[in-house]
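See structure below.
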Amino acid sequence: MSTPPATPIELDVRPTPDNPEASKFAAANSGLDYDVLIVGAGLSGIFSMYRMRELGLRARVLEAGSGEGGTWFWNRYPGARFDSESYSYIFSFSQEVLDEWNWTEHFSPQPETLKYIQYLTDKFDLKKDMQFDTRIQTAKWREDSSSWLLTDHSGRTYTCRYLVTAMGILNELTLPNIPGVHDYQGQAWHTARWPADHSVLKGKRVGIIGTGATAIQTIQAIAGDVGSLTVFQRTANWTAPLRNTKISPEEMAEIRQRYPTIFKQCLESYSCFVHVADPNSVFDMTEEERLARWEKLYETPASASAFYAEKIRARVKDPKTAEKLVPKTHGFGTRRVPLESGYYEVFNQDNVRLVDIREDPIESIVATGVKTRDELHEVDILIYATGFDAVTGSFNAVDFEGVGGAKLRDTWGEGIRTYLGLTVKDFPNMFMIMGPHQMFGNIPRSIEYAVEWVANYLRFARDNNIQSLECTDAGVEMWTEHVHECGKGLLANDVDSWMTGVNKNLAHKQKRSMTRYNGPAPGYRKRCDEVAARNYSDFTLKQG
Ligand code: NA7
């Protein structure tokens, strides 16, 4: 069964000054600091703020960083860039932005992406409603007044009727759980905390732990500058070539003409990317047929894995190093596939060495470097490309307390449970942009949809004086089951990765979980649109 593409919700932002319910809504909120608080000033927070302002709601963005940009603010490591086409990642809500903004590369580098984000906040004058250097530590639901009370790191409090979390899915960084991390005497940092001066690596002996998408981008970018580079690899990853090129002004003009087609393709595709999928839908097969087909593809010598393995062997001169770089633990595409530009050739350089820590495990980090079982690798700089406490990490970092003192950490302790990936039982009036159980394919496309959905609800709440909304147990049960059903049989849910919530560096125990919505994006939108079309009657609503 293939799902027809859903048309995007049109947000009707016309002011309703004569609506007595809207006036009552405003009056009821007057004792609160804000109608809406938005936590996070990344793409989700920026677009949320834009829409809240259009709705005439009193809103504010609270952001831990000292500037806007979220992921693109924090991840300034050399080589950081999109690995989806820049023009499929741009917001589509403003024709003026589409007319004015020029991409210079097919896969935009981080400085250009951050510039684009800053251009958005300047253009729409959003910064006056954004507060930086504000780390929210607690969020408490107050039953008596149907409102949220937030507290920041300095103890300052903020109250609001509705809360929008826009905290990003890859935000809480993790350091490796290797003994001695704090004993190291040289310079060390996580890739998401890169120092402003990129020249610090010049001529230095550098070690890097991790070989995920971030490490691969970093390694390619720094290998030519450093004195020596030691790459500590625990799991080799499959990659695909990025093949980035510049975009000339003429080509940009041509892309601009194509924006409507590009967005239409994104809207209709499974994960919101511009690429057209294999027309043979797995949904036309029975589950048994589907699994058998995937097994066969995975096992045959001509599978993608075997094909890519041969490419690695052809590009890396030393056969032993090449063999270490060929993944043995998982098939192609079952984990997020990093895109590379010359990654394998780096290992042909005399100053670069690959240490396979499955063969020679790291015992500890010591004052001068990394001690593996067989060797002491002395380095001047140690880089942790060890990833994030993904998806739920940003939520766990805040003490969310809902109805009757319920803690979000406990609610999700036995596995994530949501309704539409947008709301959680016992946490009324809280919406998640890019929360778990939402689509994570092309992120800006997913953000745009989620923000539009929430903005539409808030227009409804404003015009009908809805003081509180909460999802039901039945809704959560149904949605969580549906998310699991969509993910059934996907190999990606069987391997360890940030997408399955497996992060062995965490001190607390975390269950393997289905963090994202694995079904088709058009189907996701259709279900959410239907809930809106039923005037949100699937929720428990309380009118003021
Ligand atoms: P990832 O993809 O989670 O990669 C983290 C890497 O760090 C990965 O190679 C891990 O090996 C390695 N790692 C983590 N902990 C350790 C310890 N303790 N010892 C050795 N190696 C370790 O994070 P990224 O930042 O690269 O990418 C995240 C997403 O950001 C990416 O998918 C893009 O969408 C953008 P492991 O594989 O767990 O054996």
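The values are calculated or read from the model by the stated rules, or taken from the named source; none is laboratory data. What you see is a predicted model; the values in this text were computed from it and never measured. Cβ atoms come from the backbone with ideal geometry, glycine included; neighbour counts cover every protein chain shown. All accessible areas refer to the heavy atoms of the entire protein, side chains included, with ligands and DNA or RNA removed. Shrake-Rupley method; radii C 1.70, N 1.55, O 1.52, S 1.80 Å.
Summary of computed values
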{"quantity": "Residues (assigned to a strand (DSSP E or B) and within 11 Å of the ligand (Cβ to nearest atom)) located in the range 334-351", "calculated": "LEU339"}
{"quantity": "Out of VAL483, VAL502, sole residue that is within 16 Å of the ligand (Cβ to nearest atom) and surrounded by 13 or more Cβ atoms within 10 Å (Cβ to Cβ)", "calculated": "VAL502"}
{"quantity": "Filtered residue count, the range 455-480, keeping only those that are among the polar types (S, T, N, Q) and surrounded by 19 or more Cβ atoms within 10 Å (Cβ to Cβ)", "calculated": "4"}
{"quantity": "Yes/no for THR239 being within 22 Å of the chain's Cα centre (by Cα) and either within 16 Å of the ligand (Cβ to nearest atom) or without any contact (Cβ under 8 Å) to a residue 12 or more places away in the chain (or both)", "calculated": "yes"}
{"quantity": "Test: LEU163 is near the ligand (Cβ under 8 Å from one of its atoms), crowded, with 19+ Cβ neighbours inside 10 Å and more than 12 Å from ALA385 (Cβ to Cβ)", "calculated": "no"}
{"quantity": "Residue ID - nearest to LYS140 (Cα to Cα), chosen from residues in the range 19-78 that are free of Cβ contacts under 8 Å to residues at least 40 places away in the same chain and among the polar types (S, T, N, Q)", "calculated": "SER30"}
{"quantity": "Contacts under 6 angstrom Cβ, first residue in the range 208-220 being at positive phi, partner within 6 Å of the ligand (Cβ to nearest atom), 6 or more apart", "calculated": "GLY210/ALA385; GLY210/THR386"}
{"quantity": "Identity of the residue in the range 191-216, in a strand (DSSP E or B) and either more than 9 Å from the ligand (Cβ to nearest atom) or not assigned by TED's automatic domain parsing to the domain that holds GLY333 (or both), that ends up surrounded by the fewest Cβ atoms within 10 Å (Cβ to Cβ)", "calculated": "LYS202"}
{"quantity": "Candidates ILE262, ILE247, ILE255 - the one that is open to solvent by less than 20 Å² (accessible area, probe 1.4 Å) and either assigned by TED's automatic domain parsing to the domain that holds ALA306 or touching a strand residue (DSSP E or B) at 6+ places or on another chain (Cβ under 7 Å) (or both)", "calculated": "ILE247"}
{"quantity": "Residue list for the range 352-391, filter: crowded, with 16+ Cβ neighbours inside 10 Å, assigned to a loop (DSSP other than H, G, I, E, B) and within 13 Å of the ligand (Cβ to nearest atom)", "calculated": "ILE357, ALA385, THR386, GLY387, ASP389, ALA390, VAL391"}
{"quantity": "Output for the range 134-182, where each listed residue is in a strand (DSSP E or B) and in contact with a Gly (Cβ under 7 Å, 6 or more places away or on another chain)", "calculated": "TRP141, THR165"}
